[in-house]
1. Which residue, chosen from Ala299, His265, Phe183, occupies the Cα position most advanced towards the positive end of the dipole of the chain, where the dipole is computed from +1 (Lys, Arg) and -1 (Asp, Glu) charges on Cβ about the Cα centre?
2. Treating cross-link reach as a plain straight distance, find the lysines whose alpha-carbon is under 17 Å from the alpha-carbon of Lys267, omitting any fewer than eight places away in the same chain.
3. Where the accessible area of the stretch 177-326 is counted over protein heavy atoms with a 1.4 Å probe, how much of it, in %, is carbon and sulfur?
4. Percentage of Cα-Cα pair distances in the chain greater than 31 Å, rounded to whole percent?
5. Setting aside same-chain residues fewer than 8 positions from Lys298, which aspartates and glutamates have a Cα under 20 Å from its Cα?
6. Which of the three applies to the stretch 139-189, rounded, prolate or oblate, going by the alpha-carbon gyration tensor with a ≥ b ≥ c and a/c under 1.5 meaning rounded?
7. How far, in nm, would the chain grow between Arg121 and Arg239 when pulled straight, counting 0.36 nm per residue and subtracting the alpha carbon separation?
8. Using the structure shown, list the pairs from Lys264/Lys310; Lys126/Lys339; Lys196/Lys264 with a Cα-Cα distance above 32 Å, or answer none.
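The values are calculated or read from the model by the stated rules, or taken from the named source; none is laboratory data. Values in this document were obtained by computation on a predicted structure and should not be read as measured data. When we count neighbours, we look across all protein chains shown, and the Cβ atoms used for this are built from the backbone with ideal geometry, even at glycine. The accessibility values were calculated without ligands, DNA or RNA, using every heavy atom of the protein model including side chains. Shrake-Rupley method; radii C 1.70, N 1.55, O 1.52, S 1.80 Å.
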Amino acid sequence: MLKKILIALAVVILIGLGVGYYFYQQIFGPNLSPIKTPYTLLIPRGASFDTVYHRLTRDSVLRNNKSFRLLAKWMHYDRPSVPSGRYVLQGSLSNYALISKLRIANQDPVRLTFSSARTYRELCGKLASPLSLDSLTLLVAMDSVIHDSTNQINRYNILCHFIPNTYLIYWDITPKKLLSRLFKERDKYWRSSQNKRALERLHMGPDEVCTLASIVEKESNLKEERPIIAGVYLNRLHRDIKLQADPTVVFASGNFGLRRILNKHLKIESPYNTYLHTGLPPGPICLPSRNAIESVLKAPEHDYIFFCAKPGYTGAHNFAKDLRGHAHNARIYRKWLNKEHIN
């Protein structure tokens, strides 16, 4: 009799262990399909659990859909409104780990990278693209900043308040928080001891450096030339000579595809036309890249006052210390333009 009881007890224990193991696996065992991972789950604001469940089942991300749904109910994640965000699902993630990650909004940030933009409207498109924002919403927020009289930001210098780089940003960030974050990164950049020393050496402020850097950006794509070009413009500024920068004329004309500057273009009345006005324009003609900004900050000392494009399609320039040398370089370049029928 005792033997039968012991056997029955052993069977009950084994069954209990089996059931316990089964439920343990449903809760803590891997439940992601290795074929579908890594998988990026995007949950928009206001989404429900049903929306999340539909996406995971539609894309066959889970091994066992029912166990996920059941545990979500037990963990009180089965709600009409769940935290938004971007979540990268990979590895041997269990139902418990997955639901915990989603429930506390443990997001995986987006690597937001931007380098240059012609206008702040174009920049809005680049910033919004990898995020949950649309460019129009971000543009409205940026216009609001521009028209806020409590700050020093206006439509002329708005592009000075962004430092191109790669930033880790949450996908569902609001426009206001995104701008606040990027403005803080800009302030942090200019607070660095190295950049503060450079500003003191140049006797310039951050907005002036960015404005000059935007001209350098459009003058040359050759990174090795940019510091020299920056030095030319710094020499002109220090000697109170007009910058006479062709990219500012292009900007003033509104025809960003203009390739050859004619005399009629030099007469365009605009505060951005540096052939008519001495000093820097009222703001940048584009969002300058980090390389262009640092080309100004690290510009070498030299005696060049002029530069002119070299014949050919390399984008390189010839530099000159006086008007005679510049006139010689300009004649050679104009001759090449005519030969290539470039208008």
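1. Selected residue: Phe183.
2. The reachable lysines, counting only those whose Cα sits under 17 Å from Lys267, are Lys242.
3. In the stretch 177-326, the share of accessible area belonging to carbon and sulfur is 48 percent.
4. 53 percent
5. Partners within reach: Asp187, Glu200, Asp207, Glu208, Glu217, Glu219, Glu224, Glu225.
6. Oblate shape, in that a/c is at least 1.5 and b/c is the bigger or equal ratio.
7. Fully extending the segment from Arg121 to Arg239 adds 39.0 nm.
8. Lys126/Lys339; Lys196/Lys264
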